[in-house]
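Engineer: Supplied in structure tokens, the structure appears directly below.
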Amino acid sequence: MPLEPRSREELVTFLRDLHKEFRAHGHEWENNTLDDFLEALAAWVHDSPGAYGNAGEQIPPDGDWTFMARALHAATIYE
């Protein structure tokens, strides 16, 4: 799975691939419940400057945090 989607369509493909991975191997994931997944997501976003720094990179200054927040929230009700 590419971790750097360059378009909305590539992000959709990434998310669908991630879902397929979960359906096939989710029982092996460290965070295999929604509760654990969301907690880990929040922790990683909080710690992401360090994660990027450890990889010798800088966190993207123009990341669209609003889009991701809206997408995650919409998934709670979208059919």
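The values are calculated or read from the model by the stated rules, or taken from the named source; none is laboratory data. Given the structure is predicted, the values throughout are model-derived calculations rather than measurements. All Cβ positions, glycine included, derive from the backbone under ideal geometry; neighbour counts span all protein chains shown. What goes into the accessible areas is simple: the full protein's heavy atoms, side chains included, and nothing from ligands, DNA or RNA. Shrake-Rupley method; radii C 1.70, N 1.55, O 1.52, S 1.80 Å.
Engineer: Rounded to the nearest 0.05, what FRET efficiency do Trp65 and His27 have when you use their Cβ-Cβ distance and R0 = 30 Å? If you can, show how the numbers build up before the last one.
Structural biologist: Working: r = 31 Å, r/R0 = 1.03.
Computed FRET efficiency for Trp65 and His27: 0.45.
Engineer: Viscosity 1.002 mPa s, temperature 20 °C: Stokes-Einstein D of the chain from its Kirkwood Cα radius, in µm² per second? Can you show the working numbers first?
Structural biologist: Values: Rh = 14.3 Å.
The estimated diffusion coefficient comes to 150 µm²/s.
Engineer: Further, regarding this structure: So if I place +1 on the C-beta of Lys and Arg and -1 on the C-beta of Asp and Glu, and nothing else carries charge, what would the dipole magnitude of the chain be about its Cα centre? I want it in debye, nearest 20. Present the calculation step by step, with values, prior to reporting the outcome.
Structural biologist: Numbers: 6 positive and 15 negative charges, 52 e Å.
With only Lys, Arg, Asp and Glu charged at Cβ, the dipole is about 260 debye.
Engineer: Over the chain, give the accessible area per residue in Å² for a 1.4 Å probe, as an integer. Kindly include the intermediate steps, with their values, before the conclusion.
Structural biologist: Numbers: 7090 Å² over 79 residues.
Result: 90 Å² per residue.
Engineer: Would you work out what percent of the accessible area of the chain, with all protein chains in place, is carbon or sulfur (probe 1.4 Å)?
Structural biologist: Details: 4020 of 7090 Å².
The value for the chain is 57 percent carbon and sulfur by accessible area.
Engineer: Are there DSSP H segments in the chain that both extend 18 Å or more along their axis (alpha-carbon positions) and score a mean Kyte-Doolittle hydropathy of at least -1.0? List them, or say none. Don't jump to the answer; show the numbers that get you there.
Structural biologist: Numbers: long enough: 8-25 (25 Å, -0.86); 34-54 (28 Å, -0.02).
Counting only whole DSSP H runs, the qualifying helices are 8-25, 34-54.
Engineer: Starting from the Cα of Leu3, move 7 Å in the Cα-to-Cβ direction to define the label point; list residues of segment 47-79 whose amide nitrogen is under 15 Å from there.
Structural biologist: 47-60
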